[in-house]
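These notes are about the structure you will find just below.
The values are calculated or read from the model by the stated rules, or taken from the named source; none is laboratory data. Worth saying up front: this structure is predicted, and the values here are computed from it rather than measured. Every residue, glycine as well, gets a Cβ built from its backbone with ideal geometry; the counts of neighbours run over all protein chains shown. The protein model used for the area step is the full one, side chains on, heavy atoms only, and it has no ligands, DNA or RNA in it. Shrake-Rupley method; radii C 1.70, N 1.55, O 1.52, S 1.80 Å.
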Amino acid sequence: MNRFAPLIRHRGLLIAAGVFILFGIWAVYLSPWSARAMEARLGAAAEAGLERVGEQGWAVVEMRGQRAIISGYAPSEDARARAVRAVRQADWAGGAVAGGVTRVVDETRLALPEAGLALRADLDRNALVVRGFAPDPGAASRVEEIARVLIADADVFLEESAGQMPDGWEAAVRLLLGELVRLEEGTAFLLDEGLALAGFAGSIQTGESVAGGMMSPPPPFGSAAHVRAGNTVFAAPLRSVALCDLLVQAALGPDGSALEARLPISPDAVEALAEAGSAFSRCQRGELVITTPSRSGTAIAEGLMSPLIAGGADPLRLMVRASGPAGETGVTLEVIARGGAEDVSEAS
């Protein structure tokens, strides 16, 4: 018996084990099929997918193995959906074994590059709903706390925005919600550096107090209010077109902001339009533009004018845009500066 046989055998096993370990290192870290190479390939495919759909400017994708994580501030919900879909479809479905993307994690947030930090609150029979955007998670939590101190079961839906928080933003939110909950029902908006509140008060005293409270916003905010108590309206004249538009939107209320393009106009819409006309009567500048779907023509607009005029809107400052965006089914109202709208005919 060869006394060196065990040593040769053990050395052979050691060599085989070493070769196996080296192969494993090569396969995992260096080969074209390695985890690192697969991650790089999937990352490149995801970047190419984002570029193909035109969302590479804001969306950032990071690969962690075969899991893709998308982050960044999306300019719109559609852009967000396109980015997620592009990354999901960037490489074949493969899976964990075959080497495709196994999961897409959406960590994107919605940005408001034009509107900034928008917030809306609706009050109806002690039910308060607050929705919109906050500059950071801490601010969102504080707004939720403010709302639930005022009404314990308030519903708050806030998303973080890329907008910058102006000085006094939280004080403005506190003022807006604090005055709103004193009403029987109403709607309030915060947009950029503007505040607007419209609604119905249970008494003359409350109506006057709420409207007066809204007239002292924290700087640099401007404000507008239109509070009805019975037949009395508390409001101040407005020269700001932006605030006028915000006030008209608030006066339309939660059910009037997306009017249906059909005749006859519903009773609820007639009431909302009358309040919008009353709010617009306080605006010293601007025209009120009614935009309707093209298939409805001016018939809908004419049907909307009567309650607007009955509410106090000057018919010479009502304008009609008889063609909305493709696929649009609703009617919108917007206060603009003269000459600020295209393809608009002035109503007589």
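Worth a mention:
- A Cβ-based charge dipole, computed about the Cα centre of segment 129-236 with Lys and Arg at +1 and Asp and Glu at -1, lands at about 340 debye.
- Rounded to the nearest whole Hz, the Karplus-based 3J(HN,Hα) values (6.51 cos²θ - 1.76 cosθ + 1.60, θ = phi - 60°) of segment 129-139 follow the sequence 10, 10, 9, x, 9, 10, x, 6, x, x, 5, with x at glycine and proline.
- Segment A171-D124, extension gain: residue separation times 0.36 nm, minus the distance between their alpha carbons: 14.6 nm
- Here the peptides 119-130, 147-158 are ranked by packing, the mean other Cβ count within 10 Å, and the order with the highest first is 119-130, 147-158.
- Nonlocal amide H pairs with A201, under 5 Å, H built at 1.01 Å: E184, R228, A229, G230
- Sequence of E107, E144, E160 when ordered by accessible area, the most exposed leading, probe 1.4 angstrom: E107, E144, E160
- Distant-in-sequence amide H partners of L128 (H built 1.01 Å from N, under 5 Å): D155
- Binned Cα-Cα distances of segment 153-304, short to long, each 10 Å bin given as a whole percent: 11, 38, 34, 15, 2
- Taking every alpha-carbon pair under 8 Å whose residues sit at least 6 apart, segment 181-251 reaches a relative contact order of 35 percent.
- Amide H contacts of E159 (H built 1.01 Å from N, under 5 Å, at least 5 apart or other chain): G132, F133, A134
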